[in-house]
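The values are calculated or read from the model by the stated rules, or taken from the named source; none is laboratory data. The shown structure was predicted, so the numbers you read here are calculated from the model rather than taken from an experiment. Heads up, the Cβs are rebuilt from the backbone with ideal geometry, glycines too, and the neighbour counts pull from every protein chain shown. Quick note on the areas: whole protein, heavy atoms, side chains included, nothing else; ligands and nucleic acids left out. Shrake-Rupley method; radii C 1.70, N 1.55, O 1.52, S 1.80 Å.
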Amino acid sequence: MGFMDKFKNRFKQDENAEEVSTKYKEGMKKSRQTFSGKINDLIARYRKVDEDFFEELEEVLISADVGVTTVMDLVEELKMEVKRQNIKDTKDIKEVISEKLVEIYYGDDDEKIEGLKLDKEDLSVILVVGVNGAGKTTSIGKLANQLKSQGKKVVLAAGDTFRAGAIEQLEVWGERAGVDVIKQGAGSDPAAVIFDGIKSAKARNADVLICDTAGRLQNKVNLMNELSKVKRVIEREVPNAPHEVLLVLDATTGQNALNQAKTFSEATNVSGIVLTKLDGTAKGGIVLAIRKELNIPVKYVGLGEKIDDLQEFNAHAFVYGLFADMLEETE
């Protein structure tokens with residue numbers, strides 16, 4: 001059974017499937033044009049699958065920001081699979097590449113989409129971290145909108161009290177999504193704002209509290225101490241919280257995003273990644289690098305500017321977004 005058949009089967013079970021795959025296909029146009037273009041070019045130049053072909057394939061994958069370690073593993077697995085299936089002709093390798101990319105993402109886990117872990121009985125707290133400019137506030141607004149449309153009562157806490165305009169920006173998103181924003185003045189103690197946020201969310205019987213945090217990296221130690229302090233307040237006030245620590249990364253920063261993820265993981269036990277601006281980069285392979293090298297699931301991806309363009313991450317739809325034209329050709 002080829003990748004396209006598996007892809008279609010997976011999506012038959014889901015009525016939003018077509019819409020989801022179209023969003024990925026449109027949102028990943030830049031990555032696809034570069035990636036598919038290079039692989040098609042490679043397949044056109046090499047008739048047979050040999051060592052030279054694999055060497056060039058490595059270069060293509062590395063240039064798509066898949067990450068060196070991930071690429072080495074992937075190519076090793078491809079070589080074994082090519083032997084196993086006795087593939088001689090390069091045009092038969094497209095499906096194998098797409099399947100291996102999905103496998104790399106899921107590893108040994110079963111292929112379930114990793115949604116948010118929320119408390120069904122009580123208040124759920126989501127802590128959102130990341131450097132300024134990665135799209136943190138925008139992602140919070142879009143996530144609030146999504147949770148509200150699922151019937152949940154959502155409150156936002158404006159914990160980024162250092163950056164000029166951050167509180168106002170969150171208020172604008174709060175209005176768009178139709179949710180309350182708990183705030184104090186600029187420069188106030190972030191942990192105090194989050195504490196207020198928890199009290200207010202409980203008083204309003206909210207289902208979810210989403211906490212914004214500071215993200216300036218000029219002084220890493222201070223920032224990480226600040227985040228640890230916020231996390232302690234949450235842990236003290238709500239049992240088992242934070243239920244999620246989402247790290248917002250800008251896909252267009254490539255390998256730099258990987259370094260940020262390592263730094264933030266040390267301070268806050270990041271449980272999931274929100275990868276923004278995936279529509280703005282030709283190097284979508286960063287998704288695989290994050291998963292493989294940090295072992296943190298990507299939970300959401302930003303595929304555009306609109307309020308509903310934050311999508312739950314789906315590795316099948318992602319690989320389809322990378323290969324759509326090629327896979328449809330082989331159909």
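For this structure, a couple of remarks:
- Peptides 91-100, 70-79 ordered by average Cβ neighbours within 10 Å, highest first: 91-100, 70-79
- Cα gyration tensor category, rounded, prolate or oblate, for the stretch 156-241 with a/c compared to 1.5: oblate
- Amide H within-cut-off set for Asp180, under 5 Å, with H built and near neighbours excluded: Leu156
- Cut-off 16 Å, label 7 Å out along Cα→Cβ of Thr69, residues of the stretch 250-285 by amide N: 255-266
- Placing pseudo-labels 7 Å out from each Cα toward the beta carbon at Lys120 and Glu51 gives an inter-label distance of 5.7 nm.
- All alpha carbon pair distances within the chain were sorted into 10 Å bins beginning at 0; the resulting P(r) in whole percents reads 6, 26, 31, 20, 11, 5, 1.
- Accessible area per residue in Å² at 1.4 Å probe, computed on the chain: 44 Å²
- Rg/Rg_ref, the stretch 246-331, where Rg_ref = 2.2 N^0.38 Å and atoms are Cα: 1.11
- Sum of -39500 (n - 2.57) over DSSP H runs of 4+, divided by residues of the chain (222 nm, nearest 500): -17500 deg cm²/dmol
- Choice from Glu26, Glu55, Glu293 showing the highest fluctuation, given a GNM over the chain with Cα pairs closer than 10 Å: Glu55
- Simple spin-label estimate for Asn256 and Asn132 in nanometres, 7 Å along Cα-Cβ: 1.5 nm
- Taken over the stretch 29-75, the alpha-carbon convex hull comes to 63 cubic angstrom per residue.
- Among the listed pairs Lys94/Lys292; Lys153/Lys262; Lys23/Lys83; Lys202/Lys262; Lys153/Lys283, those beyond 30 Å (Cα-Cα): Lys153/Lys262; Lys23/Lys83; Lys202/Lys262; Lys153/Lys283
- In plain terms, if you count all Cα to Cα distances in the stretch 92-229 and split them into 5 Å steps from zero, the share in each step is 2, 10, 18, 19, 15, 11, 9, 7, 5, 3, 1, 0, 0 percent.
- Inter-site label distance for Asp92 and Ala192 at 7 Å from Cα along Cβ, in nm: 7.0 nm
- Counting protein heavy atoms only, the stretch 121-238 has 46 percent of its accessible area on carbon and sulfur, 1.4 angstrom probe.
- Average silhouette area of the stretch 155-307, convex hull of alpha-carbon atoms, in square nanometres: 9.1 nm²
- Difference of contour (0.36 nm per residue) and Cα-Cα distance, Ile307 to Ser228: 25.4 nm
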